[in-house]
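Notes to accompany the following structure.
Computed from the coordinates by the stated procedures, all read-outs in this text should not be read as laboratory data. Since the model is a prediction, treat every value here as computed from it, not as a measurement. Neighbour counts are summed over all protein chains in view; Cβ atoms, including those assigned to glycine, are modelled from backbone coordinates with ideal geometry.
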Amino acid sequence: MKAKILFLSLLLGIIIKMNAQNQVVNGTLTVKSSSDGIVNFQTLDDGWLYTQWKNSSGIRKAYVGFNSDLTNFIISLENGAKRFTIPNGNVGIGTYDPNGWKLAVNGKVRAKEVKVETAWSDFVFHKNYNLPTLVEVENHIKEKGHLKDIPSAKEVEKNGIFLGEMDAKLLQKIEELTLYTIEQEKQLKFQNSKIEKLEEENESLKSLKTKFLELQKRVEKLE
C-alpha cells in the first residue's frame, strides 16, 4: 500500500512539473494517505483558485473556490444547474458545533424573506375561548412583570426565542386586544346611547320646568 501511495505521489509530482498544458485523467483519481487525506491547490500568479464541473460538452455547470485575493470562497451554479443540496447532516456557519440544528449561525443573518411554517392563533376567536379579563391581565403583569404566555426578558436572554412560536403568541395577544377593543366599543356605544337618552330626558324636564314656571306665573296673576 505504501508503495502504491508513493507511486501516486511521484506521478502527481511528474504531472505538476510538466508543461503548462492541461492534463486529463480519464477515469477515477483516488488520493490516499495514512493520516489526513489532503489535495492541495496553489496558484502561482495570484489568480482565481477553484475547481469546476463541466458536462460532456465542456459547459461549466458549477465551480467552487476562491477569488484572486483569496478573501471570498464561492460556490456557484451555472448554465441550468438549479440546486445546491445537502441531503444529510447539519451546517454550522461561524461555529464548529451546530448542536443538532440543521443550520446554526454564530452571527447576524440578513434575508429578504423568511417563511416559517407553524400553528397559528385563530383559536382566540373560537366561541369557547376563555378570554382573560383585563383585571386578570393587570394582576398577572403586577405579579410576573410580563404578559401571560410570553417569556420574560431573562428567559429570552437565556434561551432565545423560536420565531414561529413567538409570532403566533404575539398574534394571540393582538387578537385578544382586538376582542377587548370590540367589547369596549360595544360598551361605549351602549353608554353613549344611555347618555343620549338622559340628555333627551333632561331636555324634557327643562321643557316641563319652563311650562310649569309659566303656568305658575299665570296662576299668580289670576290671584
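Assorted remarks:
- Listed residues Asp167, Asp36, Asp149, most fluctuating in the chain (Gaussian network, C-alpha, under 10 Å): Asp36
- Helix axis angle, 2-17 relative to the chain longest principal axis, alpha carbon, degrees: 90 degrees
- Computed about its Cα centre, the charge dipole of the chain is approximately 940 debye, with only Lys, Arg, Asp and Glu carrying charge at their Cβ.
- Dividing the Cα radius of gyration of the chain by 2.2 N^0.38 Å, with N the residue count, gives 2.30.
- The stretch 19-94 and the stretch 167-206: distance between their alpha carbon centers, rounded to Å: 69 Å
- Relative to the Cα centre, the charge distribution of the stretch 133-212, modelled as +1 at Lys and Arg Cβ and -1 at Asp and Glu Cβ, gives a dipole magnitude of about 360 debye.
- Descending semi-axes in Å of the stretch 165-211, equivalent ellipsoid built from Cα gyration tensor: 45, 5, 4
- With all pairs of different C-alpha atoms in the average, the Kirkwood value for the hydrodynamic radius of the stretch 39-83 is 11.5 Å.
- Long-range HN-HN contacts of Tyr50 with modeled amide H, under 5 Å: Phe66
- Using equal-weight Cα scatterers in the Debye expression, the normalised intensity of the stretch 105-223 in log10 at q = 0.17, 0.18, 0.23 Å⁻¹ is -1.03, -1.09, -1.32.
- Cross-linked pairs Lys61/Lys112; Lys144/Lys173; Lys108/Lys158; Lys127/Lys173; Lys82/Lys115; Lys102/Lys144: Cα-Cα separations exceed 23 Å for Lys61/Lys112; Lys102/Lys144.
- Karplus-derived HN-Hα couplings along the stretch 32-41 (A = 6.51, B = -1.76, C = 1.60, θ = phi - 60°), whole Hz, x at Gly and Pro: 10, 8, 6, 10, 7, x, 10, 10, 9, 10
- GNM flexibility winner over the chain from Asn79, Asn26, Asn130 (Cα, springs under 10 Å): Asn26
- Within the stretch 39-83: Cβ-based charge dipole about Cα centre, in debye rounded to nearest 20 (Lys, Arg +1; Asp, Glu -1): 440 debye
- A dipole drawn for the chain from +1 and -1 charges on Cβ atoms has a positive end, and of Gly107, Gly58, Ser207 the residue lying farthest that way is Gly58.
- Value of Rg/Rh across the stretch 50-161 [Cα atoms, Kirkwood radius]: 1.20
- Between 0 and 90 degrees, the angle of helix 163-222 with respect to the longest Cα principal axis of the chain falls at about 10 degrees.
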